[in-house]
1. Based on this model, can you work out whether Glu120 counts as farther than 13 Å from Glu92 by Cβ, under 18 Å from the mean Cα position of the chain (by Cα) and either open to solvent by less than 40 Å² (accessible area, probe 1.4 Å) or free of Cβ contacts under 8 Å to residues at least 60 places away in the same chain (or both)?
2. Just to check your reading of the model, which residue among Glu24, Glu59, Glu46 is acidic (Asp, Glu), modelled with pLDDT of 50 or more and either open to solvent by 70 Å² or more (accessible area, probe 1.4 Å) or not in a helix (DSSP H, G or I) (or both)?
3. Quick check, is Ile132 in a strand (DSSP E or B), farther than 20 Å from Glu87 by Cα and open to solvent by 40 Å² or more (accessible area, probe 1.4 Å)?
4. Restricting to region 161-184, give me the number of residues that are of a type in the set (A, V, I, L, M), open to solvent by less than 20 Å² (accessible area, probe 1.4 Å) and within 20 Å of Gly89 (Cβ to Cβ).
5. Does Gln173 qualify as being at pLDDT 95 or above and within 22 Å of the chain's Cα centre (by Cα)?
6. Tally the residues that are within 22 Å of the chain's Cα centre (by Cα) and either farther than 23 Å from Phe66 by Cα or of a type in the set (Lys, Arg) (or both), restricting the search to region 127-152.
7. Residues in region 144-160: is at least one in a strand (DSSP E or B), open to solvent by 70 Å² or more (accessible area, probe 1.4 Å) and modelled with pLDDT of 95 or more?
8. Looking at region 68-94 only, could you name the residues that are assigned to a strand (DSSP E or B), among the hydroxyl-bearing types (Ser, Thr, Tyr) and open to solvent by less than 50 Å² (accessible area, probe 1.4 Å)?
Amino acid sequence: MNRKTWIPIALGAVLAVSLAACGEEGGQPASAAGTPPAESTASTVEAVSGFTQYATMEEAAAVMGFAMTVPDAVDGYSYQEIQANPENGIFEVVFYTEYNTEEAEGRGQELRFRKGIGTEDISGNYNSFAEINSVDVDGVSVEMRGAEGNVYLAVWTDGEYAYSIDSTAGMTQEAMSDQIRTVMAQGTPAVSDMVSSGI
């Protein structure tokens, strides 16, 4: 091969590699369109990871080093999950209207009770709410967030622990206040030792 023949071939190879690189940077397969980059979903993963399920409140309390009081049952909600995350100091109980172990979307409405070490908001709910009100519940200042008269989130602290109640269905201020009073009640945790069937 003479020098004149070799130069065009080399230039052609360089051009092909350059075009391939541009294709990788500027375009993506149809199946990947609209998929957020990995880093944008990190906060979501962190919000739900680290929790371990327990069969009883006593087991979870032993791991966390503190107890939590929640209702024995909530009208319209048939299933419970008792969870704890010692790493971030959060103890939670979630009530579901229905429960599909295969799909999170199949769990219906959720009512989530949380208690955690410290005084910061531990709800994990960072949505914007049209209505934010400070409500006195038996001498404790509770921030209730919601819209159109419905409360979807309540957060408060007793100076040592932070608390939150998160309702996907929403409820009246009076109903939320009743749930808060249950959490504030002293004594042993009120949730049944046996988790409802289906969990």
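1. Here the answer is yes, as Glu120 does meet what is asked.
2. From the options Glu24, Glu59, Glu46, the qualifying one is Glu59.
3. yes
4. Summing the residues that are of a type in the set (A, V, I, L, M), open to solvent by less than 20 Å² (accessible area, probe 1.4 Å) and within 20 Å of Gly89 (Cβ to Cβ) in region 161-184 gives 3.
5. Here the answer is no, as Gln173 does not meet what is asked.
6. Final tally of qualifying residues: 14.
7. no
8. Answer for region 68-94, where residues must be assigned to a strand (DSSP E or B), among the hydroxyl-bearing types (Ser, Thr, Tyr) and open to solvent by less than 50 Å² (accessible area, probe 1.4 Å): just Tyr77.
The values are calculated or read from the model by the stated rules, or taken from the named source; none is laboratory data. Remember, predicted model here, so these are calculated numbers, not experimental data. Neighbour counts are summed over all protein chains in view; Cβ atoms, including those assigned to glycine, are modelled from backbone coordinates with ideal geometry. These accessible areas exclude ligands, DNA and RNA; they are computed on the full protein's heavy atoms, side chains included. Shrake-Rupley method; radii C 1.70, N 1.55, O 1.52, S 1.80 Å.
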